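Have a look at the structure below before the remarks.
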Amino acid sequence: MEKQGVEQQGRVLELTVGEDEAGNRLDRYLTEKVQGRSRSYLRKLIDEGLVLVNGRLVKAGYSITAGDRVRVEIPPPQPLEILPESLPLDILYEDQDIIVINKPPGMVVHPAAGNYQGTLVNALLAHCRDLSGIGGKLRPGIVHRLDRDTSGVLVAVKNDHAHKSLASQLKMRTVERWYLALAKGDFKVDQGVIDAPIGRHPVKRKQMAVVASGRPARTWYYVRERFDQCTLVECRLETGRTHQIRVHLAHIHHPLVGDEVYGGRQNHLGMTRQALHAYHLGFRHPRTGEPLSFSAPLPPDMAAVIDRLRSSAVR
């Protein structure tokens, strides 16, 4: 039997459900037990018949019971099929384990349907000889993402040990992910927390929304500067759900300037994207455990809008 909770690649993982774990969905249970793998990846294994419970095929929503024996077959990483591309990279730090990038707005992080070229992964494959294979053939080296039109600091990993370490830090919520956001309207308080579950929008399936059935999500915000039409806020992620800051700020009626998906019709103040920048990233080095901290200045488009707002305020 393999040790429970330890990721194995190209191996079989045997698990036994404990009393305190009974009643969980199978996919959620596996997300807790199989380190470095996303829930969507584990659902795919279940759908492909690579997960058995007591020797039987079950669905992702199967409610596990105490004593259930779960067998997970984790296939080896598939060969990469994404082509390297020599694209400019703003590298903030690099060593044998990690590479920290200041991602520009407009760059997709990893290939997906409709975007198989010009992504950060394409650029990383040209720059680095090795990337972690845990993310799969379309997302090698990727531990966390930024939206295409969100700029700022992002870390990629070069080996599976680094991937597991960073994934664990994200899971334990010890990674510092701080953003600067230009949001519509005037905030009533100088700081607060938005604690609201996020899941797929019940009607607009390409969007996320605050829904009762969603996954727990928490965003802390701090007012940094107030303007006539909007507010510059710092947002700190406690969780990392898809589009979390965009959805949470829209939920409290302060959508991001320029966000056409969650902000509706608005004055974009010259922004052609959502005004969101990941300005700070902090974590422990996967090999040495040393605390690391990286920051990136506001990109020109967002800085220009803020400068104009400041100029208008002093007239």
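When Gly118, Gly133, Gly185, Gly141 are checked against the criterion of being outside the structural domain of Gly240 (by TED's automatic domain parsing) and within 30 Å of Arg265 (Cα to Cα), a single residue qualifies: Gly118. Can you tell me which residue is nearest to Val211 (Cα to Cα) among those in the range 249-260 that are outside any helix (DSSP H, G or I), touching a residue at least 60 places away in the same chain (Cβ under 8 Å) and among the hydrophobic types (A, V, I, L, M, F, W, C)? Restricting to residues being outside any helix (DSSP H, G or I), touching a residue at least 60 places away in the same chain (Cβ under 8 Å) and among the hydrophobic types (A, V, I, L, M, F, W, C), the top hit is Leu256. The residues listed here are Ala167, Ala156, Ala162; of these, the one that is in contact with a Pro (Cβ under 6 Å, 6 or more places away or on another chain) and either in a strand (DSSP E or B) or not polar (S, T, N, Q) (or both) is Ala162. Among the residues of the range 293-315, none qualifies, meaning not one is assigned to a loop (DSSP other than H, G, I, E, B) and either within 15 Å of Lys184 (Cβ to Cβ) or of a type in the set (Ser, Thr, Tyr) (or both).
Just one of (1) in a loop (DSSP other than H, G, I, E, B); (2) crowded, with 18+ Cβ neighbours inside 10 Å fails for Val189. It is (2). No other residue among Arg246, Arg236 is among the basic types (Lys, Arg) and in a helix (DSSP H, G or I) apart from Arg246.
Would you mind stating whether Phe283 is outside the structural domain of Asp147 (by TED's automatic domain parsing), surrounded by 14 or more Cβ atoms within 10 Å (Cβ to Cβ), in contact with a helix residue (DSSP H, G or I) (Cβ under 9 Å, 6 or more places away or on another chain) and aromatic (Phe, Trp, Tyr)? Taking the combined requirement at face value, the residue satisfies it.
For the condition within 30 Å of Glu32 (Cα to Cα) and in contact (Cβ under 8 Å) with a residue 24 or more places away in the chain, Val223 does not qualify.
For the range 178-195, state whether one or more residues are touching a Cys at 6+ places or on another chain (Cβ under 9 Å) and among the hydroxyl-bearing types (Ser, Thr, Tyr). Yes, some residue in the range 178-195 is touching a Cys at 6+ places or on another chain (Cβ under 9 Å) and among the hydroxyl-bearing types (Ser, Thr, Tyr). Here is a check on your reading of the model: is Thr288 surrounded by fewer than 18 Cβ atoms within 10 Å (Cβ to Cβ) and within 23 Å of Lys103 (Cβ to Cβ)? For Thr288, the condition - surrounded by fewer than 18 Cβ atoms within 10 Å (Cβ to Cβ) and within 23 Å of Lys103 (Cβ to Cβ) - is not met. Screening Gln274 against (1) in a strand (DSSP E or B); (2) touching a residue at least 60 places away in the same chain (Cβ under 8 Å); (3) of a type outside the set (Ser, Thr, Tyr) leaves a single unmet condition, (1).
The values are calculated or read from the model by the stated rules, or taken from the named source; none is laboratory data. Everything quoted here is computed from the prediction, not taken from an experiment. Every residue, glycine among them, receives a Cβ derived from its backbone with ideal geometry; neighbour counts consider all protein chains shown.
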